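J.: Sharing a structure with you now.
The values are calculated or read from the model by the stated rules, or taken from the named source; none is laboratory data. These numbers come from a predicted model, not from an experiment. Every residue, glycine among them, receives a Cβ derived from its backbone with ideal geometry; neighbour counts consider all protein chains shown. Side chains included, ligands, DNA and RNA excluded: accessible areas come from the protein's heavy atoms. Shrake-Rupley method; radii C 1.70, N 1.55, O 1.52, S 1.80 Å.
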Amino acid sequence: MKNLIEIPELEIQHQDVVTDILSQSITGELIGMSNFASLAGVIDDVHEKMELWNTLIAKDSMRKAIWPYAKKYNLEPVINLNGHYWKSVRECFLKYAQKKGLYRMPRHSGSDVGVLCGKHVP
């Protein structure tokens, strides 16, 4: 990828912090993708479904854009979709999606679902 931001060599003490940031970013995008994909079965409007799939493709692009940074700096992000925070965000989203209650929720980015579900978003 030619648009990588140049980051000075990471000191050992910073590698864990950067790895955690990349881990949370990738995991968040995967949870967001899962959330948007789960809406495909509950949205009836064709135009809204197309918008949904465009959003899903964009989220996947963001997730893929993060990996080159990890590889470049020999970092190994940990992806844990069942971690306490992300699992609770996913479960809350599914609860609203199954009730088609998302139409009553204000429009937010996927990461704001945690706020809507009473969770603190890091």
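J.: Where residues in the range 65-107 are modelled with pLDDT of 90 or more and of a type in the set (Lys, Arg), which of them is most open to solvent (accessible area, probe 1.4 Å)?
T.: Checked the range 65-107; the qualifying residue most open to solvent (accessible area, probe 1.4 Å) is Lys87.
J.: Being in contact with a helix residue (DSSP H, G or I) (Cβ under 9 Å, 6 or more places away or on another chain) and either over 18 Å from Tyr96 (Cα atoms) or without any contact (Cβ under 8 Å) to a residue 12 or more places away in the chain (or both) is the filter here; which residues of the range 49-58 pass it?
T.: Of everything in the range 49-58, those that are in contact with a helix residue (DSSP H, G or I) (Cβ under 9 Å, 6 or more places away or on another chain) and either over 18 Å from Tyr96 (Cα atoms) or without any contact (Cβ under 8 Å) to a residue 12 or more places away in the chain (or both) turn out to be Lys49, Trp53, Thr55, Leu56.
J.: To continue, here is another question. Checking Glu29 against (1) open to solvent by less than 30 Å² (accessible area, probe 1.4 Å); (2) in contact with a Gly (Cβ under 9 Å, 6 or more places away or on another chain), only one condition comes out false. Which one?
T.: The failed condition is (1).
J.: Is it true that Val113 is modelled with pLDDT under 85 and under 17 Å from the mean Cα position of the chain (by Cα)?
T.: Yes, satisfied.
J.: In the range 4-24, what count of residues is obtained for those that are part of a helix (DSSP H, G or I) and modelled with pLDDT under 90?
T.: So the answer is 7.
J.: Also, I was wondering about something else. Of the conditions (1) exposed (fewer than 13 other Cβ atoms within 10 Å of the Cβ); (2) assigned to a helix (DSSP H, G or I); (3) modelled with pLDDT under 85; (4) not basic (Lys, Arg), Met62 satisfies every one except a single condition; which number is it?
T.: (1)
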